[in-house]
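What follows is a short report on a single structure.
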Amino acid sequence: MKKILSLILCAVLLLVPLAPCVSAATEADTGFGPKDGIEYFEDGSFLVVGIPEEMESTVSLSFLLKLLNLMKRLFALLFPDRPLTVSKTKSAEYFDANGKGLWMISLTADFTYNGKTSACTNARVTYKIYDSDWKNISSSCSKSAATATGTFSMRQYKLGVPLKLIEKTLTLTCDANGKVS
């Protein structure tokens, strides 16, 4: 037990000088990070797909997140047979040509990992509709090994007449070290 406490104390002392002075959000307009994509349609509408970044508003929060990640790594080294967990959400938000949000679909998955292997333990899909002309006509999810997949079909209706159909598949994959993409 003393060995574990000593390692934790050393980790804290090493991280204190590394605390950032300023924190900035990437792609603040959409809330999505730089690896995410935008899909454009002929009518000027577009779909923004990605994993929303966790916004860090204070230096202390940033420091605590780094400390938590270091603690997870130490835990994995000290107890290699005990898996760690991580949960992530990938979303796709649809906008009209004027930039008005019409709907958003999301895939959330829970994973376990231990540095050698990873597995998807749970997956779920959700959606939010901001414009009453749009309806979710199907949504489903599945999991296989370390990957979660969500499939959605959204349809636009005007006066009961079906118009535009958008189908989208979202995937989340976790590597053995807990990195989800």
- What net charge is computed for the residues neighbouring TYR127, neighbours being all others with C-beta under 15 Å from the C-beta of TYR127, Lys and Arg scored +1, Asp and Glu -1? +2
- Most exposed first, judged by fewest Cβ atoms within 10 angstrom, LEU170, LEU67 run LEU67, LEU170
- Message: Using amide H atoms built in the peptide plane, which far-off residues or other-chain residues are under 5 Å from SER45 H to H?
- Response: ALA97
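Laboratory data are not the source of any read-out in this text; all were calculated from the coordinates shown. Quick caveat: nothing in here was measured; it's all calculated off a predicted structure. Every residue, glycine among them, receives a Cβ derived from its backbone with ideal geometry; neighbour counts consider all protein chains shown.
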